[in-house]
DNA sequence: TAGAAACTCCGTATAAATACGGATGTAAAA
DNA sequence: TTTTACATCCGTATTTATACGGAGTTTCTA
């Protein structure tokens, strides 16, 4: 028979348990492991466990879903990740797709959709619902994936700005001139299409840059 | 027999279903309804359904958990709300306790804790785990519940600041002098214990003021 | 290898925010 | 009723941020 072995990675105990319970009714799907963070999952992955799919939450402590996806790609794992997230934010979806997710489900998806996604991915297809695809496309048409918007230095500067440091303070902490930080600030404002610090921090918080 | 009838209010279909499945194993607990937002729950409440407990999510569309709690208090409902949230933020917890929640569970609580909470609340007690209580106490000791921190005017100004408006722009929009807005800004910074706009917006976003 | 980013730095100027230290009338709460 | 918080306003001064426009070096990539 064709049994799909899957792992659940989610930091919410009740969600994990409930999901396992829910899936136990389906004979072709078997939950073989249940972990609560990315690190734990990576350990399992490295132990060469035989599994087909991992239902992966994005927001997890220690190591989040994005990092897990990246690592899985590096290790060219054969386990196919389906992301289960509560964010129907185009940015999240796009990042997951880019990082090698085989599917993206919202936590308010229904059981039918969940099993459909698992079965499709199990057969080698990808599963992104119409709603999800649309969000992603809309997002990509207006702005690039946030990961790529800012350079490393800019991201670092943004972090310090959000801590409440002034340009001068940031400059001395990063051992560069204040002019440099001013330029970084200007570039960040431009890239995120905002006109001052207040708007900047709000937007950065929204798209989870900080 | 003493069967506890409960309602689940959560916008995540999978969570709802999973939870129901999980609880179905317990004979003394019966899930009688499952709704996906606050409005839907209020309708059920008004239909005089017989239920003992509602497992209430905070972040829901249309009408969130806080509003539901407030409304339930107004209607002096006999259904006892247990909040299930993913935020272990002292501010959230304190607001719920203040609004009449009988319990507060994190979504990463385990099954044992869930059933324990349900049974205790069913018997008339309240259930706040040691961890949750601690968070709440820590929070309240350092700052009052966010709802009460800022005055109405200050909240309004904060909103406009976060939109990227300058002091002058805000002043003309609110038909007052720029000085007034400067004072408001200063007071807001002081109340939230931050030293500039960047930190302000970050904090405001964090405690969901904007 | 050529070109594009990224990172660094500079000058000049204006706009905006923050830090002081006041003041008044009104409304709500103790 | 007395106190307290709120909302409004003012002056002076300094610090920060933003807006221009430019340029050299390195590093990565097509």
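Some points to look at:
- Segment A:64-97 and segment A:1-60: distance between their alpha carbon centers, rounded to Å: 14
- Length-normalised contact order for segment B:150-206 - Cα pairs under 8 Å, 6+ apart - percent: 30
- Pairwise inverse Cα distances across the protein assembly as shown, averaged and inverted, put the Kirkwood hydrodynamic radius at 23.7 Å.
- Considering every alpha-carbon pair of segment B:4-142, the percent of pairs per 10 Å bin, from zero through the bin containing the longest distance, is 12, 48, 34, 5, 0.
- Remark: relative contact order (chain A) = 14 percent; criterion is Cα-Cα distance under 8 angstrom and separation of 6 or more residues.
- In chain A, the beta-carbon sitting nearest the axis that superposes A on B belongs to the residue given here with its distance in angstrom, A:18, 1.
- The sum of -39500 (n - 2.57) across all DSSP H runs of n ≥ 4, divided by the residue count of the protein assembly as shown, sets its helix-only mean residue ellipticity at 222 nm to -15500 deg cm²/dmol.
- Normalised by the number of residues in segment B:1-40, the mean separation of alpha-carbon contacts (under 8 Å, six or more apart) gives a relative contact order of 55 percent.
- Rounded if a/c under 1.5, otherwise prolate or oblate - segment A:72-121, Cα gyration tensor axes: oblate
- Inter-copy spacing of residue B:155 label points, which lie 7 Å from Cα along Cα→Cβ, given in nm from shortest upward: 3.6
- Label-point spacing for residue A:46 across the identical copies (point 7 Å from Cα in the Cβ direction), in nm and ascending order: 5.7.
- For chain B, built as a Gaussian network whose Cα springs stay under 10 Å, the top-fluctuating residue of B:57, B:37, B:28: B:28
- Inter-copy spacing of residue A:191 label points, which lie 7 Å from Cα along Cα→Cβ, given in nm from shortest upward: 3.5
- GNM flexibility winner over chain A from A:82, A:93, A:32 (Cα, springs under 10 Å): A:32
Coordinate-derived values only; no laboratory data. Bear in mind that the values here come from a model prediction, so they are computed numbers and not experimental data. Note: ideal-geometry Cβ built from the backbone for every residue, glycine included; neighbour counts use all protein chains shown.
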